[in-house]
1. Around residue A:207, which amide H atoms from residues at least 5 apart in sequence, or from another chain, sit under 5 Å from its own amide H, with H modelled in the peptide plane?
2. So, taking all protein chains as they sit and a 1.4 Å probe, how much accessible area belongs to residue B:89, in Å² rounded to tens?
3. Quick one: accessible surface of residue A:22, probe radius 1.4 Å, all protein chains present, in square angstrom to the nearest 10.
4. Given an 8 Å cut-off on Cα distances and at least 6 residues of separation, report the relative contact order of the stretch B:4-92 as a percent.
5. Check which residues have an amide H placed less than 5 Å from residue B:87's amide H, if you skip close sequence neighbours.
6. Quick one: angle between helix B:94-129 and the longest Cα principal axis of chain B, in degrees between 0 and 90, rounded to 10, please.
7. Hull surface divided by four, with the convex hull built on the Cα atoms of the stretch A:1-147: how many nm²?
8. Counting pairs of alpha carbon atoms under 8 Å apart in space and at least six apart in sequence, what relative contact order in percent does the stretch A:35-95 give?
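The values are calculated or read from the model by the stated rules, or taken from the named source; none is laboratory data. Here the structure is a predicted model, which means the values were calculated and not measured. A quick note on method: Cβ atoms are made from the backbone with ideal geometry, for glycine too, and the neighbour counts reach across all protein chains shown. These area figures cover heavy atoms from the full protein model, side chains too; ligands, DNA and RNA do not enter into them. Shrake-Rupley method; radii C 1.70, N 1.55, O 1.52, S 1.80 Å.
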Amino acid sequence: MTLDVEDLSVSFPAGPVLEGVSLSLARGEIVGLTGSSGAGKSLLAEALAGALPPGAVRTGRIAVDGEPAGPGAVALAPQRLDALDPLAPVGRQIGRFARLCNRRADPSGALASVGLPAGAARLYPHELSGGMARRALLATALATGADWIVADEPTVGLDEEAGGRVLSVLARLAASGRGVIVISHDLVGLARIASRVVILRGGRHVETAPAGAFAQGGTALREAFTRQLWQAQPALARPGGEAAC
Amino acid sequence: MNAWLPALVAGRLLRLAWLLPLAATGLFVLISMAPIDPVQAYVGGRTSQIGPEQREAIAAAWGLDRPAPERFASWLGRLVQGDLGRSITFNAPVLQVIAARLPASLALVGSAFALSFVLGTLLGLVAGATRGRWPDRVIRTIAVVLAASPGFWIAILLVALFAVGLGWLPACCAAPPGRLDSEVALADRWRHMVLPVVTLSVVGLAPLVLHTRQSLIAFLDGPAARHLAAHGARPLHLAFGPGLRHAAGVALTLHLAGAGELFGGSVLAEAVFAWPGLGQATVRAATGADAPLLMGIGLATLLFVFAGNLLADIAARLADPRLRRAA
């Protein structure tokens, strides 16, 4: 089973923001998506989930196994933590997403899938740590039962340990047969868990680099922009990288 | 889990402990400065029959011949013992006048409170969920027209239309005049309540509709609603589902905090509809310079507003758990 995005463009009255982006994703696979700020990564995530902002017009094709993707085929875990309703306990929110997709609510199961204890269902968002909130957002996306998950900046604002836990959860989701797109500025983390990384710049596709291309200082990367992005990552974090001192 | 509740109530009661004497002093000063002479108000048209000695005797009987601070100290002393004094206009203990008239006022204010809350929240939710479309435009127009209409004018319109013109509803009193309390059927009581309750509810409706609409729109435009909408939730579902707590919580808090305005509005509604409640008694006490009754009603109103504000604080914390930490 594959999710294919072909020649996807999104325009606003003021002009196009995404132009001719294509990518594909198999079940069980993680594909990374990165690029400079304002490249259109979050807009691509919203387009995949069918939740574009008012005034946006989409062209191009999103298909699952060659058929146009229906509503709810792709679930989105948004970037903003305040996407969790501040006035509802986490368990109730997970239930809402399940019911929207006509599924039985199973907050404990969804929480267990993202490594959170069942007791987290009773907590309100302001009672969660940043890492727990990120995983709770992932749980809301999982509750929809979608086979394809887009996680928008799931590690932003987290320390290395909490970010690592979220990435492990994403790897587990892929291992359980879901296709996962991870949007992140953390190219090192993406190279670690994704099979391929799609690079965007100014709303256009730059290249799709296999994870292996980031080894040995990124010399195998095709595009100069991708190499620049890779070089801009903290040296100590890069595999094979060395500290300046 | 609800540890915030006793702390909140204790804090507010402490505030009431200094608010009550302060309010009583303020009330007494205001009433003492009123340009109405209670003896003259009592004597009324019989001025020629009552001489200066009799006037002095009346003033002495009411304690008006003593200096104001002394009168206040003696009133305060009796208040501590639970005695609010004796009403001049009703010729009965103040406590008894208030106890007899409070149920009628509470029935009026309570019914108006419930009706305007249900109607205002419902209309606000529909307006917010259909933003920019015709239901929203119709509801907003009605709310703005109501906000700009004085309560007494609405009352007169309602009386002219439903009581005088169509003859469907009575324009006066809590029961048909001339009948004993035991002879009045429940349906009759309900019919007499309709116009005063509707008048009083309409006065507080507009702000409720507009606040509920705005709170819902703030939620619908926020990331939490967008996350739900991305997975298929429609505006009406969001409004009456997750959005309800966002919009109705704020509405209930505002509505409870505005209980004082509702009580103030009831003075007007009771005067127009000759409703035998505290509002009507307030008007009579004010025109008759009935200081003990005015003081009693003033303190009862303070307690009513205090209870409204306390309930508003509790409602806000029940609706939004983030506020509980600050309690």
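1. A:199
2. Accessible surface of residue B:89 is approximately 50 Å².
3. Answer for residue A:22: close to 50 Å² accessible.
4. Answer for the stretch B:4-92 is 18 percent.
5. Correct list: B:92, B:94.
6. Orientation of helix B:94-129: about 20 degrees from the principal axis.
7. Mean orientational projected area (the stretch A:1-147, Cα hull): 9.4 nm².
8. Once divided by the residue count of the stretch A:35-95, the mean separation gives 28 percent.
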